[in-house]
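Have a look at the structure below before the remarks.
The values are calculated or read from the model by the stated rules, or taken from the named source; none is laboratory data. Owing to the predicted nature of the structure, the values given are computational and were not obtained by experimental measurement. Ideal geometry is used to build each Cβ from the backbone, glycine not excepted, and the neighbour counts take in all protein chains shown. Note: accessible area is taken over every heavy atom of the protein model, side chains too, but ligands, DNA and RNA are not part of it. Shrake-Rupley method; radii C 1.70, N 1.55, O 1.52, S 1.80 Å.
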Amino acid sequence: TITFNGGNGNAASRVISYAYPTIASYGIVDLNGADYITFKNITVKSTNANYGWGFLLRNQANYNTIDSCIIDLGSVTTTGSNSIGICVTGSATSWSTTSNSANYCNFTNNTILGSATGGAYIGISIYGSTSAQTDNNKILIANNTIQDFYYSGIYTYFYADSMTVKGNDISRPNRTGS
């Protein structure tokens, strides 16, 4: 396992940011087939007004953990699907592509921040497979705080076998748009 740990209580001062000069992938952190990676106590921030998926998992990115991170999409001013906190999909630029994208992954204790009028479109999105019920297996989404999203706090679609979703705080306290 490779671990990126900002240190206990230091997430706000350990920042990965990205401005997207060209769009080959919406993922600030793109785990394209990467396995056994842990991100802990780190802030991931989009500095682009139009794009930003905090973490993108695709092409069987298995056994990965995103824990105690801050995913800040408050700079995204658009309300389209190009701003998602954690996105599991089969594409680098489409949140709704079916595939076996990620298995045995844990998304826990994170804070995903949108804005009053723009992003995030979705806090956590798992777009499953249409072909096998065992794809996107055993994903844990627990104890996250998801705020000020546009469309959905947590979105799952198609097969995602043995997924657990529990203890998440999903709210829109500052949202002034839809």
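A few points about this structure:
- Taking the range 115-178 and the strands (runs of 3 or more DSSP E) fully enclosed by it, the elements with 3 or more residues that are of a type in the set (A, V, I, L, M) and within 14 Å of the chain's Cα centre (by Cα) are at 122-127, 140-142.
- Any chance Ala92 is closer than 12 Å to Leu56 by Cβ and open to solvent by 10 Å² or more (accessible area, probe 1.4 Å): yes
Each row is one residue, and each column tells you yes or no for (1) at pLDDT 95 or above; (2) touching a helix residue (DSSP H, G or I) at 6+ places or on another chain (Cβ under 7 Å); (3) among the charged types (D, E, K, R); (4) surrounded by fewer than 19 Cβ atoms within 10 Å (Cβ to Cβ).
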| site | (1), (2), (3), (4) |
| --- | --- |
| Tyr36 | yes, no, no, yes |
| Ile42 | yes, yes, no, no |
| Trp53 | no, no, no, no |
| Ile70 | yes, yes, no, no |
| Asn82 | no, no, no, no |
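- Complete set of residues in the range 93-113 that are assigned to a loop (DSSP other than H, G, I, E, B), modelled with pLDDT of 90 or more and touching a strand residue (DSSP E or B) at 6+ places or on another chain (Cβ under 8 Å): Ala102, Cys105, Asn109, Asn110
- Being farther than 22 Å from Ile16 by Cβ, free of Cβ contacts under 8 Å to residues at least 40 places away in the same chain, hydroxyl-bearing (Ser, Thr, Tyr) and open to solvent by less than 40 Å² (accessible area, probe 1.4 Å) is a property that Ser99 lacks.
- The condition (being modelled with pLDDT of 90 or more, open to solvent by 50 Å² or more (accessible area, probe 1.4 Å), at negative phi and out of contact with any Asp or Glu (no Cβ under 9 Å at 6 or more places or on another chain)) is satisfied by just one residue among Thr22, Thr47, Thr65: Thr47.
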